[in-house]
Amino acid sequence: MQIENIPQAIRQCAQVAGLLWQKGWAERNGGNMVLRIGESDVLQLSLEPSGCVFPCGCSVPLLAGQYFYCKASGHRMRDLASSPLSYGCIICISDDGMQYQVLGSGDLKPTSEITAHLLIHNQLVAENSPNKATLHSHPTTLVALSHIDSLCKDAELTRILHGMIPEARLFVPRGINIIPYFEPGSVELAEQTLQAIKGCDIVLWRKHGVLSTGPDMMEAFDNIDIMEKSAEIYWRYRTLI
Ligand code: 13P
Ligand code: ZN
């Protein structure tokens, strides 16, 4: 399919995937994205159900019948950037909110972090939030800081990062909540992320990466970009004093 025939919100996901690669936060298949899309987007793509059904790994009743564009598991952001439908897929959540079906050929499976993304989307719908995008990435400096125990206590990291540049407090006012290391793709990681996201803008997964939400994928990216910039300034400042 020609890129101009792909819905704008999915084209923006491709643009963000390119930025993540340029930033150096998307080594190999690192990171993933999930965007809630409308039925009209799916009609525009003329995709049929593939018959491939998988468990959500959790109960997401508020997402019944909803469609999502997801990075495909094991695939690279830098490939998705130029071909979003070859390295990303559309899923539809079942009526009982326990399973999803992949649309299209069924050759691609959504990201291994799908459970975390879906739990957050279910919460966003419950809150009537305008946010439709969830983005997981591996920003280098934030992940480096997540190795330091003293920074990962209470709201210490948010306090420090808010103090580095004015944009951090202005655009990411609720800051970062931090959770311990859990196995990537695990239900524990998903459930802890759901608890942690309440009341903050970004969840930092210690020694792994971050998860952010936004009205669209670009704004979810902006949150991470601002806090990573702040983290870089903190790191450089600490080397200078
Ligand atoms: P996926 O390729 O399954 O999306 O996994 C990437 C990742 O970053 C896991 O945390
Ligand atoms: Zn990851």
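The values are calculated or read from the model by the stated rules, or taken from the named source; none is laboratory data. These numbers were taken from a predicted model, which means no experiment stands behind them. Cβ: placed from backbone, ideal geometry, glycine included. Neighbour counts: every protein chain shown. In case anyone asks, the SASA skips ligands and DNA or RNA and just uses the protein heavy atoms, side chains included. Shrake-Rupley method; radii C 1.70, N 1.55, O 1.52, S 1.80 Å.
A count restricted to the stretch 193-222 and to residues that are closer than 13 Å to Leu20 by Cβ and not acidic (Asp, Glu) stands at 7. The residues of the stretch 193-207 that are of a type outside the set (A, V, I, L, M, F, W, C) and buried (at least 19 other Cβ atoms within 10 Å of the Cβ), listed by number, are Thr193, Asp201.
Table: residues versus (1) without any contact (Cβ under 8 Å) to a residue 40 or more places away in the chain; (2) more than 20 Å from Ser186 (Cβ to Cβ).
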residue	(1), (2)
Asn29	no, no
Ile37	no, yes
Gln44	yes, yes
Leu80	no, yes
Ser86	yes, yes
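I'd like the full set of residues that are in a loop (DSSP other than H, G, I, E, B) and either out of contact with any helix residue (DSSP H, G or I) (no Cβ under 8 Å at 6 or more places or on another chain) or at pLDDT below 95 (or both), limited to the stretch 1-28. Hits for the stretch 1-28 are Met1, Gln2, Glu27, Arg28.
Among the candidates Glu113, Glu127, the residue that is within 16 Å of ligand 2 (Cβ to nearest atom), acidic (Asp, Glu) and either at pLDDT 95 or above or closer than 24 Å to Leu43 by Cβ (or both) is uniquely Glu113. In the stretch 20-35, which residues are more than 15 Å from ligand 2 (Cβ to nearest atom) and surrounded by fewer than 19 Cβ atoms within 10 Å (Cβ to Cβ)? Matches in the stretch 20-35: Gln22 only. Considering the stretch 217-234, and only residues there that are among the acidic types (Asp, Glu) and farther than 20 Å from Leu35 by Cβ, the residue that is farthest from the chain's Cα centre (by Cα) turns out to be Glu232. Take Leu124 and tell me if it is within 16 Å of ligand 1 (Cβ to nearest atom) and either closer than 30 Å to Arg206 by Cβ or not hydroxyl-bearing (Ser, Thr, Tyr) (or both). For Leu124, the condition - within 16 Å of ligand 1 (Cβ to nearest atom) and either closer than 30 Å to Arg206 by Cβ or not hydroxyl-bearing (Ser, Thr, Tyr) (or both) - is not met. Note on the stretch 47-57: residues that are open to solvent by less than 60 Å² (accessible area, probe 1.4 Å) and part of a strand (DSSP E or B) total 4. Selection of the stretch 194-219 for residues being out of contact with any Pro (no Cβ under 7 Å at 6 or more places or on another chain), among the basic types (Lys, Arg) and within 16 Å of His138 (Cα to Cα) yields only Lys207. Within the stretch 172-191, can one find any residue that is without any contact (Cβ under 8 Å) to a residue 24 or more places away in the chain, part of a helix (DSSP H, G or I) and open to solvent by less than 60 Å² (accessible area, probe 1.4 Å)? Within the stretch 172-191, not a single residue is without any contact (Cβ under 8 Å) to a residue 24 or more places away in the chain, part of a helix (DSSP H, G or I) and open to solvent by less than 60 Å² (accessible area, probe 1.4 Å).
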